[in-house]
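The next block holds one structure in the form of structure tokens; read it before the comments.
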Amino acid sequence: METKNILAKKILTEAKGYLDVGFTHSLNPYSGCAFSCLYCYVREMPIQRFKDIPWGEWLDIKTNAAENYQNEILKLRKKDQPVNIFMSSATDPYQPIERKTKVTREIIEAMVENPPDFLQIQTRSPLITRDIDLITQLKEKCKVLVSMTIETDREDIKRIFSPFAPGIKLRLKALQAVHDAEITTQASISPVLPFTPDFPKQLDGRADHIWIDTLRIGDGLMGKRSEKLGMPSLFKKHGLAAWYQPDIHERVEKFFTKYFPRDRIRVSKQEAFLK
């Protein structure tokens with residue numbers, strides 16, 4: 001892994017595209033991602049396409065992220081603008097190196113001092129449990145949602161699509177710890193990968209909300225990026241083509257409503273759980 005410390009010009013980016021469901025800004029403490037999921041749409045974005053180093057083998061550390069946040073939130077507050085933040089849209093805020101760098105932790109510390117109106121932390125890393133103390137403080141000042149990406153409950157499927165990401169059992173355990181700390185939680189089935197009939201039962205009592213996303217509607221180009229990444233053929237290669245259908249989100253939503261109230265489930269392109 002090639003890592004580099006950088007000074008970012010800005011840390012808050014105006015929310016567009018799939019984030020235009022109530023979010024005003026995205027916040028990415030890092031560029032690049034060590035988890036290197038094969039389906040990740042960022043592989044087909046300019047941030048990677050103009051890189052000579054393959055996705056998953058480089059990481060830029062925004063060492064001034066917390067300082068930038070402090071400066072930018074104060075400017076936004078002077079303009080009396082709402083600040084609803086999605087962290088993160090093009091990386092995971094809890095990269096393995098975060099254990100050492102603590103960039104994300106420093107950002108949350110800055111938020112405790114100058115909170116946004118809403119913060120969604122999107123991760124697939126159990127490392128988030130390290131910051132439960134700070135997130136607990138932050139939720140007393142603004143709305144906070146911790147969203148754990150759990151695409152499937154099958155470890156064999158995870159090994160095909162995201163072999164370098166944390167294990168499913170570890171993510172479920174982390175989500176439980178966050179939930180037990182009385183922090184609002186979400187299980188992000190993003191993207192939908194093949195799962196067992198017991199998947200909803202494993203999320204019950206851990207996730208307050210369920211988010212459903214697919215490779216066709218969640219890659220920013222209605223599936224075109226996913227096609228370029230070879231996802232249709234990868235599903236077919238492993239005998240999973242039935243899970244790569246245009247209506248898979250509708251079927252998964254219908255299945256989960258057997259276990260969760262309808263108002264606790266959202267599908268990508270709908271309104272996020274900001275209220």
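The values are calculated or read from the model by the stated rules, or taken from the named source; none is laboratory data. None of these values were measured; they are calculated from a predicted model. Here the Cβ is made from the backbone with ideal geometry for all residues, glycine too, and neighbour counts use every protein chain on show.
Structure above, values below:
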read-out: Top-ranked residue of the stretch 187-226 - restricted to ones that are β-branched (Val, Ile, Thr) and assigned to a loop (DSSP other than H, G, I, E, B), ranked as nearest to ALA165 (Cα to Cα); value: VAL192
read-out: From the options LEU175, LEU170, LEU145, residue that is more than 24 Å from ARG43 (Cα to Cα), surrounded by fewer than 20 Cβ atoms within 10 Å (Cβ to Cβ) and among the hydrophobic types (A, V, I, L, M, F, W, C); value: LEU170
read-out: Residue list for the stretch 92-113, restricted to those being under 17 Å from LEU59 (Cα atoms), assigned to a helix (DSSP H, G or I) and of a type in the set (A, V, I, L, M); value: VAL103
read-out: Within the stretch 45-91, considering residues that are exposed (fewer than 12 other Cβ atoms within 10 Å of the Cβ) and of a type in the set (Asp, Glu), the one farthest from the chain's Cα centre (by Cα); value: ASP80
read-out: Scope the stretch 1-12; condition in contact (Cβ under 8 Å) with a residue 60 or more places away in the chain and outside any loop (DSSP other than H, G, I, E, B); matching residues; value: THR3, LEU12
read-out: Residue in the stretch 194-202 that is buried (at least 23 other Cβ atoms within 10 Å of the Cβ), closer than 27 Å to ARG130 by Cβ and not β-branched (Val, Ile, Thr) present; value: no
read-out: Per-region count, the stretch 1-23, residues under 20 Å from ASP213 (Cα atoms) and either in contact with an Asp or Glu (Cβ under 8 Å, 6 or more places away or on another chain) or not aromatic (Phe, Trp, Tyr) (or both); value: 7
read-out: Subset of the stretch 13-57 that is in contact (Cβ under 8 Å) with a residue 60 or more places away in the chain and among the aromatic types (Phe, Trp, Tyr) - its residue that is farthest from ALA90 (Cα to Cα); value: PHE23
read-out: Number of positions in the stretch 78-97 that are over 21 Å from ILE150 (Cα atoms), modelled with pLDDT under 95 and not acidic (Asp, Glu); value: 4
read-out: Positions within the stretch 71-94 being touching a helix residue (DSSP H, G or I) at 6+ places or on another chain (Cβ under 8 Å) and among the polar types (S, T, N, Q), in sequence order; value: SER89, THR91
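Residue by residue, here is whether (1) closer than 26 Å to ILE97 by Cα; (2) charged (D, E, K, R) holds:
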| site | (1), (2) |
| --- | --- |
| LEU119 | yes, no |
| ILE128 | yes, no |
| THR136 | yes, no |
| ASP156 | yes, yes |
| ARG171 | yes, yes |
| THR185 | yes, no |
| PRO191 | yes, no |
| PRO194 | no, no |
| LEU203 | no, no |
